[in-house]
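Right, one structure below, let's go through it.
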Amino acid sequence: MRSAAVDWGGAFRLGGTLSRAAFRVLEGIGSARLDAHDAAPAIARRKRAAALRAVLAELCRIHRIDTVLRGRIPEAPAVLVANHSSYLDPMVLAGLVPAAPIAKREVADWPVIGSGARSLGVLFVDRSDSFSGAAVLREALRCLEAGVHVLCFPEGTTTTGETLLPFHRGLFGAARLAGVPIVPIALGYEDPSLCWVGDDDFLPHYLRTTARHRTGAHVSIGAPIEARACSTAEALAIEAHWRINDLLAGSCR
């Protein structure tokens, strides 16, 4: 019986990518903790967001992700809302601008990534737990008050981008309370196989992604939506959904 050939080149590339990524995450954690030590809470949040951006921008470089950006994210604090198709999404978007991303609770248990993300200001939410949701909304408000963008994926799960799921409206209510705009963002990849949806196992998909010589991402930033221009959080979520759907139809599909 013939044994399968081993792709030693791919294995070495993977090992190099993982080791560089782990080192950069750990380095970022140490830097963030040092910078934020004894700082006022608002300053600490800004420092963590800046450290997270630096780490994720470097991880994009390590993973050979090339991002084409259309539009501009405002400097003033805002709630950034985007469609969600891959675990790469927060890395791409939060690598562009300092922000506090909201992630699902399960990510907090991932080795290195979970503890590192929490130290760098990522907010973890268990959508099945109303207390967890309320706690994250309170922390999101504190981030906005500190001048930090909050990044969320209001579909709550990944899709291929062909159909945009209804939005959870929690962060839209927070934007209204804080009086900050919603910035709609459409994100897509040149290769549809980069979408991570359904029953795909993470590790095999990540190994295939890491083996790529280049990953092309496209980010389109829409015009900000003034939160209080809509009468309710639900109306604001519907408006953002329409805007992102329009951006996807024009640039990412």
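The values are calculated or read from the model by the stated rules, or taken from the named source; none is laboratory data. It should be emphasised that the depicted structure is a prediction, and the values quoted were computed from it without experimental measurement. All Cβ positions, glycine included, derive from the backbone under ideal geometry; neighbour counts span all protein chains shown. Quick note on the areas: whole protein, heavy atoms, side chains included, nothing else; ligands and nucleic acids left out. Shrake-Rupley method; radii C 1.70, N 1.55, O 1.52, S 1.80 Å.
In the range 96-253, Cα pairs under 8 Å separated by at least six residues give a relative contact order of 22 percent. The packing ranking, built from the mean of other Cβ atoms within 10 Å per residue, places the peptides 206-213, 133-140 in the order 133-140, 206-213, highest first. When each of the peptides 66-77, 42-53 is scored by the mean number of other C-beta atoms lying within 10 Å of its residues, the order from highest to lowest reads 42-53, 66-77. Sorting the segments 234-245, 86-97 by their mean number of nearby beta carbons within 10 angstrom, highest to lowest, gives 86-97, 234-245. Computed over protein heavy atoms with a 1.4 Å probe, the carbon and sulfur contribution to the accessible area of the range 96-253 reaches 55%. A 1.4 Å probe run over the protein chains yields, for the range 108-253, 48 Å² of accessible area per residue, whole-number rounding.
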